[in-house]
Amino acid sequence: MATTWGDFQAIIQLSAGLNVAILSFVDISIPAIKERRHVFTKARQELEIYRKNPHKITEKDKKDHADKVGEIDRELFDLWHTTSDFEQVEDSMLKTTGVFGLLGAILSISLLWYSGAHYDETFSLPGMVLTAASFFSLLAAFCVNFFTAFRATHYTQRCNDLRQKMREKLK
């Protein structure tokens, strides 16, 4: 007995539903992106507070303190420069998720319509390939957003480590 489009329709329905839901995949990475941007803003604010430290009275203390602030400032700038390059990647990855969602939804909804119109016909190899392709858009969108969240979390941790170093070094 050959498999028909009707037998495979539930899998196509699952693909259609999930592909429409892809747009919510950005919820995986957006909180991490926002947190990274917030932490960098806080680090910059804290550094400015340390820069104006009123407890340094002697010229030697002021110069040593200014040197330490300058060192932390350079490290923060280097980290910011690295993440600013990644910020463009973040934005493009979020747009890519939308493209994957749209293409996957169009493909899976088209397959759903076709499976309804050809319910009792034999499920063909091209049908299997197209159905598998409709699931690849899900996998791609998930991977893109997971990678974005991972990188944003990595940069947030590096910035938090630098903030901790700042607190210890610039007392």
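The values are calculated or read from the model by the stated rules, or taken from the named source; none is laboratory data. Predicted model only: the values in this text are computed from it and were never measured. Backbone-built Cβ (ideal geometry, glycine too); neighbour counts: all protein chains shown. Side chains are part of the model used for accessible areas, which takes the heavy atoms of the whole protein and leaves out ligands, DNA and RNA. Shrake-Rupley method; radii C 1.70, N 1.55, O 1.52, S 1.80 Å.
Helix 5-21 versus the longest principal axis of the chain: what angle, 0 to 90°, nearest 10, using Cα atoms? So the inclination is approximately 20 degrees. Structural descriptor for the stretch 6-105: relative contact order 60 percent, calculated from alpha carbon pairs under 8 angstrom and at least 6 residues apart. Relative to the dominant Cα principal axis of the chain, helix 26-51 is inclined by about 10°.
Shown for the chain: lysine pairs separated by 8 or more places, or found on different chains, whose C-alpha atoms are under 13 Å apart, numbering 12.
So if I take the centroid of the Cα atoms in the stretch 27-81 and the same for the stretch 115-149, what is the distance between those two points in Å? Answer, in whole Å: 47. The calculated FRET efficiency for Leu102 paired with Thr153, based on their beta-carbon distance and R0 = 30 Å, is about 0.65.
For the stretch 118-169, the equivalent ellipsoid derived from the Cα gyration tensor has semi-axes of 50, 6, 4 Å, listed largest first. From the mean inverse distance of alpha carbon pairs (Kirkwood) and the Cα radius of gyration, derive Rg over Rh for the chain. Ratio of gyration radius to Kirkwood radius: 1.32. With all protein chains in place and a 1.4 Å probe, the accessible surface of the stretch 39-118 carries 62 percent carbon and sulfur.
Between the helical axis of 125-169 and the longest alpha-carbon principal axis of the chain there is an angle of about 10 degrees. Computing FRET efficiency as 1/(1 + (r/R0)^6) for Tyr114 and Cys143, where r is the C-beta to C-beta distance and R0 is 25 Å, gives about 0.35.
In plain terms, if you count all Cα to Cα distances in the stretch 1-85 and split them into 5 Å steps from zero, the share in each step is 3, 11, 13, 12, 9, 8, 7, 6, 5, 5, 5, 4, 4, 3, 2, 2, 1, 0, 0 percent. Using 1/(1 + (r/R0)^6) with R0 = 22 angstrom and r between the beta carbons of Asn53 and Ser84, what's the FRET efficiency to the nearest 0.05? The formula returns an efficiency of 0.20 here.
Among Tyr155, Tyr119, what's the order by accessible area (1.4 angstrom probe), most exposed first?
Tyr119, Tyr155
Within 10 Å, Cβ to Cβ, of Gly6, how many net charges do the neighbouring residues add up to if Lys/Arg are +1 and Asp/Glu are -1? Net charge around Gly6: -3.
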